[in-house]
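What follows is a single structure, written as structure tokens, with notes after it.
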Amino acid sequence: MSEKILVAYASRASATEGVAEAIGKTLAQGGVQVDVRRMDQVTDLSEYRAVVAGSAIQAGQWLPEAMAFMRQHQAELRRKPFAAFLVCMTLAMNKPEYRQFVANWLEPVRALVPPLSEGLFAGGLDIRKVPSLADRLKFRISVATGVWKEGDHRDWEAIRQWAEALGAQLKEII
């Protein structure tokens with residue numbers, strides 16, 4: 001088995017993809033080999049020493065393909081160092097009390113494979129990229145009423161710091 005790390009992600013409007021790429025870049029700068037791939041393109045985990053998995057949040061849950069990835073690879077993920085992250089707009093509301101509420105959305109992931117580290121990150125809102133008309137309308141109303149602002153709310157420094165700390169943890173293990 002190589003020392004390679006997989007950063008796998010599920011994304012709807014590319015914000016989570018960008019977070020996954022930033023995590024992968026930071027881990028690689030720490031001296032490990034990293035692959036960043038969409039979860040639906042990963043069929044085999046045998047070449048990876050550790051896995052970092054993340055998903056956008058939709059209706060308070062990881063995306064269906066992300067949970068399918070977790071169920072499909074559960075046995076192997078339990079044998080490797082595993083970390084999880086999520087990306088959601090709720091964290092863009094900048095209300096510290098929401099952080100624990102959002103952390104609970106990882107409970108189904110934790111039940112399958114306990115992560116050694118968890119990253120919680122705000123996402124981005126580009127209403128044009130929201131797939132369903134109903135959801136686009138909900139977001140437009142939310143923006144109009146001041147619940148959210150459209151735009152990129154990702155905190156790149158927080159993402160980098162989490163990935164650096166995770167990299168240090170992984171170096172001790174692998």
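Data overview
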item: Output for the stretch 108-132, where each listed residue is assigned to a loop (DSSP other than H, G, I, E, B), surrounded by 16 or more Cβ atoms within 10 Å (Cβ to Cβ) and at pLDDT below 95; result: Gly123, Val130
item: Per-region count, the stretch 1-29, residues under 10 Å from the mean Cα position of the chain (by Cα) and part of a loop (DSSP other than H, G, I, E, B); result: 1
item: Failed criterion for Glu76 (all others in (1) at pLDDT 95 or above; (2) at positive phi hold); result: (2)
item: Test: Leu170 is modelled with pLDDT under 95 and either open to solvent by 40 Å² or more (accessible area, probe 1.4 Å) or outside any helix (DSSP H, G or I) (or both); result: no
item: In the stretch 136-166, the residues that are open to solvent by less than 40 Å² (accessible area, probe 1.4 Å), within 28 Å of Gly24 (Cβ to Cβ) and part of a helix (DSSP H, G or I); result: Ala158, Ile159, Trp162, Ala163, Leu166
item: Answer residue from the stretch 35-60, given it is assigned to a helix (DSSP H, G or I) and open to solvent by 20 Å² or more (accessible area, probe 1.4 Å) and is farthest from Phe85 (Cα to Cα) among those; result: Gln41
item: From the options Val32, Val102, residue that is part of a loop (DSSP other than H, G, I, E, B) and either among the aliphatic types (A, V, I, L, M) or open to solvent by less than 10 Å² (accessible area, probe 1.4 Å) (or both); result: Val32
item: Any hit, the stretch 65-86, residues being of a type in the set (S, T, N, Q) and touching a residue at least 40 places away in the same chain (Cβ under 8 Å); result: no
item: Residue list for the stretch 55-82, restricted to those being within 15 Å of Arg110 (Cα to Cα) and either of a type in the set (Phe, Trp, Tyr) or touching an Asp or Glu at 6+ places or on another chain (Cβ under 7 Å) (or both); result: Trp62, Phe69, Phe82
item: Which listed residue, of Ala92, Ala75, Ala83, Ala66, is assigned to a helix (DSSP H, G or I) and open to solvent by less than 10 Å² (accessible area, probe 1.4 Å); result: Ala66
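The values are calculated or read from the model by the stated rules, or taken from the named source; none is laboratory data. A quick note: this is a predicted structure, and the numbers were derived from the prediction, not measured. For neighbour counting, all protein chains shown are included, and Cβ atoms are generated from backbone atoms with ideal geometry for every residue, glycine included. The area values use the complete protein model at the heavy-atom level, side chains included, leaving out ligands, DNA and RNA. Shrake-Rupley method; radii C 1.70, N 1.55, O 1.52, S 1.80 Å.
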